Amino acid sequence: MLLENFYHSFTFWLESKLSARNWLWQLVFFSVVLSLFLAFPPYTLLIDHLSENGVKMDAWVFIQNQAQDLFHPRDMEYDVRRENMIFRWLLPLLSYLTGHNVLLILVFQAVLGILFLYKTGKYIYSISEDKIITAFFILSVSNIFVNVWTFADVHGYGDGFAWFFLLVALLSKNSGVIFLSLQAAFFTDERAVVAGGYLLLWWMVTKAWEKNNFSFGTLLKLAFSKESLVVWAAWLVYFTIRYYVQVTYFPNHHYSTIGTPVLFADAHRNGLGSSIWAAFEGTWLIMLAAAFILYLTKRYILLSALVIGFVILVATGIYVHDIDRALSYGFPFLLIAMFILVKTASMSSIRIILFFSMIICVSHPQIFYMGYNKILWLEPLPVKIFMFLDKIAGWNFFN
């Protein structure tokens with residue numbers, strides 16, 4: 001009874017706050033501020049990197065090397081991470097255009113993170129026409145890794161760029177926009193190349209609903225529909241360029257860690273389970289609810305296709321140390337799940353599912369894994385302030 005009263009009181013209060021003309025922008029900015037408060041980015045690392053005598057983050061150093069000579073970057077053998085970066089060209093391009101202004105690049109990434117939430121919210125409202133559902137969804141997504149990392153990534157990974165361009169491709173109807181957005185995402189990180197397959201699933205689901213036909217033959221045809229063909233073309237162009245560049249400029253290049261599921265090793269296994277949960281947190285409720293509906297409505301083929309896609313997401317994630325980053329490229333599954341719920345469930349039931357999703361995502365500590373059995377925590381702002389005071393005063397509580 002207490003929870004029910006809180007739910008009704010909270011939704012009533014929230015509706016009053018969403019009555020303004022620019023309610024969606026206000027919701028997005030509030031969500032961003034809340035997520036930054038609850039999981040404050042490690043800006044001390046950035047300050048140290050930018051200072052003249054500070055410790056430099058290796059990724060930014062190599063990005064600058066790439067910007068100076070993309071096909072002959074200096075010191076490529078210095079670190080194993082650098083061998084993974086030679087076909088990631090978006091950040092070197094931005095480095096070249098900005099004169100290697102790391103701060104400007106990160107501001108650009110943060111702006112795209114805000115736009116990511118806005119475009120997501122705009123889409124959810126377009127299919128649900130419900131501000132409460134939109135608000136609960138944005139508050140959920142803004143407090144999971146796919147959004148938090150866009151602001152916390154000061155290290156030079158650039159996932160926020162890839163996620164934004166994947167979202168643009170997913171929501172666009174223009175073949176040119178889809179193609180260029182996919183190329184931008186692909187050349188940011190190879191995980192986006194795999195995520196192109198999740199966009200195929202997106203169009204298979206949405207178009208199958210338009211046709212009201214969920215047979216195997218129909219789904220197979222939809223994998224080669226207009227938008228889907230653009231993904232195939234983007235893959236073809238990407239791998240052609242990549243192959244040409246490799247045989248021409250990097251004939252001896254290889255990935256020393258490829259082919260090994262590193263998260264099964266004793267030195268890395270401790271973070272596997274936590275990351276599978278923490279990458280999505282409360283939004284697992286959304287995906288599980290959608291899967292359960294597909295099962296109840298006997299859309300077994302469509303459910304099987306989505307399960308296979310999600311298995312691929314997890315299977316590719318275990319081959320890297322930073323599995324949270326890899327799993328977050330599966331954000332299209334959240335939009336697929338929301339589409340399914342809106343098409344099959346009542347608005348009141350969706351509100352309840354999203355309410356609990358939001359509660360979990362907002363209250364859950366932002367933890368993630370970067371390998372070597374170390375689960376990291378992005379501390380809330382008050383804790384960060386206390387840590388700063390502890391360092392100045394020499395209390396040594398955090399040593």
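The values are calculated or read from the model by the stated rules, or taken from the named source; none is laboratory data. For clarity, every value in this text was computed on a predicted model and none was experimentally measured. No Cβ is skipped: glycine too gets one built from the backbone with ideal geometry, and neighbour counts run over all protein chains shown. For the accessible areas, the whole protein counts, side chains as well, though only heavy atoms, and no ligand, DNA or RNA atoms are used. Shrake-Rupley method; radii C 1.70, N 1.55, O 1.52, S 1.80 Å.
Descriptive notes on the structure:
- The loop-placed trypsin sites (Lys or Arg not before Pro) in segment 1-96, going by DSSP, that have at most 11 neighbouring Cβ atoms within 10 Å of their Cβ come out as Arg21.
- Compared with the direct C-alpha span, the chain from Met76 to Ile375 gains 104.8 nm at full extension, assuming 0.36 nm per residue.
- Only the Cβ atoms of Lys and Arg (+1) and of Asp and Glu (-1) were treated as charged; on that basis the dipole of the chain about its Cα centre amounts to roughly 1180 debye.
- Against the criterion of solvent-accessible heavy-atom surface with a 1.4 angstrom probe, Phe331, Phe264 sort, most first, into Phe264, Phe331.
- Simple spin-label estimate for Phe12 and Phe29 gives 2.9 nm between the two label positions (7 Å along the Cα-to-Cβ direction from each Cα).
- Legend: residues Ser304, Ser128, sorted from most to least accessible area (1.4 Å probe; ligands, DNA and RNA excluded), read Ser304, Ser128.
- Along the chain, longest interval not containing exposed GluC sites (Glu not before Pro), exposed being DSSP loop plus at most 14 other Cβ atoms within 10 Å: 130-399
- Helix-only arithmetic for the chain: the sum of -39500 (n - 2.57) across DSSP H runs with n ≥ 4, divided by the residue total, places the mean residue ellipticity at 222 nm at -22000 deg cm²/dmol.
- If you sort Lys122, Lys207 by accessible surface, 1.4 Å probe, largest first, the order is Lys122, Lys207.
- Given a 1.4 Å probe and the protein chains as shown, Asp130 ends up with an accessible area of around 20 Å².
- Share of carbon and sulfur in the accessible heavy-atom surface of the chain [1.4 Å probe, %]: 67 percent
- Cα centroid separation, segment 218-242 to segment 40-113 (Å): 31 Å
- With a Förster radius of 45 Å applied to the beta-carbon distance between His364 and Asn53, the computed FRET efficiency rounds to 0.75.
- Area accessible to solvent at Thr44, 1.4 Å probe radius, in Å²: 100 Å²
- Residue-wise HN-Hα coupling along segment 227-244, computed from phi with Karplus coefficients 6.51, -1.76, 1.60 (Hz; x: Gly, Pro): 5, 5, 4, 5, 5, 4, 5, 5, 4, 4, 5, 4, 5, 5, 4, 4, 5, 4
- Per residue accessible area in Å² of the chain, where ligands, DNA and RNA are left out and the probe is 1.4 Å: 47 Å²
- Hz values of 3J(HN,Hα) by residue in segment 278-283 - Karplus curve (6.51, -1.76, 1.60), Gly and Pro given as x: 6, 5, 10, 6, x, 5
- Structure-derived semi-axes √(5λ) of the Cα gyration tensor in Å - corresponding label in (1) 66, 21, 16; (2) 32, 23, 19; (3) 33, 29, 19: (3)
- Shape of segment 187-339, Cα gyration tensor, a/c cut at 1.5: oblate
- Between segment 288-312 and segment 1-32, the alpha-carbon center distance in angstrom: 31 Å
- For segment 375-384, Karplus couplings with θ = phi - 60° (6.51, -1.76, 1.60), whole Hz, Gly/Pro x: 8, 9, 10, 8, 5, x, 4, x, 5, 4
- Accessible surface of Tyr372 - all protein chains present, 1.4 Å probe, nearest 10 Å²: 140 Å²
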